[in-house]
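Let me begin by presenting the structure, written as structure tokens, before commenting on it.
The values are calculated or read from the model by the stated rules, or taken from the named source; none is laboratory data. The model shown is predicted, which means the values in this text are computed figures rather than measured ones. Cβ sites come from the backbone with ideal geometry, for glycine too, and all protein chains shown count toward neighbours. Please note that ligands, DNA and RNA were not included when accessible areas were found on the heavy atoms of the full protein model with its side chains. Shrake-Rupley method; radii C 1.70, N 1.55, O 1.52, S 1.80 Å.
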Amino acid sequence: MNVWTLLAQNAGFLPTRGSVMIDFVFLAMFGIILILGVSIYLVRYRRLFQLHKWIQIVTGSVLLLAVLAFEIDMRFFTDWQELAAPSSFGMPTVNGLLYFHLLFAVPTPFLWIYVIWHGLAKFPSPPLPGPHSKTHILWGRIAAIGMLLTAVTGWIFYYAAFVA
Ligand code: HEM
């Protein structure tokens, strides 16, 4: 079977029960976490403030679009419960893992919007450390940890629902 047939059947491209969109988000989160790590390294140890700013704006925008596409897919096109039904974990555990994941996945986008918005409003352009630094470093760390926990709990949910 070629890749187009698989895509047309919404069967996903990983050898699991995930759909195209579910597989895509599962993989994309590795990239997002890697880029986030690089961005924080660049601002902390290399003091590349402008580069950090643009990496965060671009990844934040791409994430927002991806979340939107994912939500539309889950609500209208993909019945994830049907795909997860054969899981050896059983649906109560799979659902529990989903709620645990949503605990981080729901607030994190709001944290990101807040951190980016305030960064743009309160740092000069091009950005430099200043009076906003203390608040930004605190909430920037919380936002970054939120994204990391969103990814890790998402991967665990993916494994339980679509692999096991
Ligand atoms: C969700 C988006 C963002 C996250 C998660 C984030 C995260 C962080 C973190 C964790 C640090 C502290 C690094 C350290 O430990 O020293 C930091 C520093 C910094 N960020 Fe961001 N950031 C984001 C967006 C932005 C934006 C949009 C701007 C500029 C408009 C910006 C400008 C800065 C600056 C200037 C610093 C250095 C502060 C200082 O050391 O005094 N950040 N960021």
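Brief remarks follow.
- Residue check, Trp139 of a type in the set (Phe, Trp, Tyr) and more than 21 Å from Arg44 (Cβ to Cβ): no
- Among the residues making up the stretch 64-107, those that are under 30 Å from His118 (Cβ atoms), open to solvent by less than 90 Å² (accessible area, probe 1.4 Å) and assigned to a helix (DSSP H, G or I) are Ala66, Val67, Ala69, Phe70, Glu71, Ile72, His101, Leu102, Phe104, Ala105, Pro107.
Matching residues to (1) in contact (Cβ under 8 Å) with a residue 40 or more places away in the chain; (2) farther than 24 Å from Ser88 by Cα; (3) part of a loop (DSSP other than H, G, I, E, B):
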{"site": "Thr16", "(1), (2), (3)": "yes, no, yes"}
{"site": "Ile22", "(1), (2), (3)": "yes, no, no"}
{"site": "Ala28", "(1), (2), (3)": "no, yes, no"}
{"site": "Leu36", "(1), (2), (3)": "yes, yes, no"}
{"site": "Ser39", "(1), (2), (3)": "no, yes, no"}
{"site": "Leu42", "(1), (2), (3)": "no, yes, no"}
{"site": "Trp54", "(1), (2), (3)": "no, yes, no"}
{"site": "Val62", "(1), (2), (3)": "no, yes, no"}
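- Selection within the stretch 108-147 - touching a helix residue (DSSP H, G or I) at 6+ places or on another chain (Cβ under 6 Å) and closer than 18 Å to Leu98 by Cα: Thr108, Gly146, Met147
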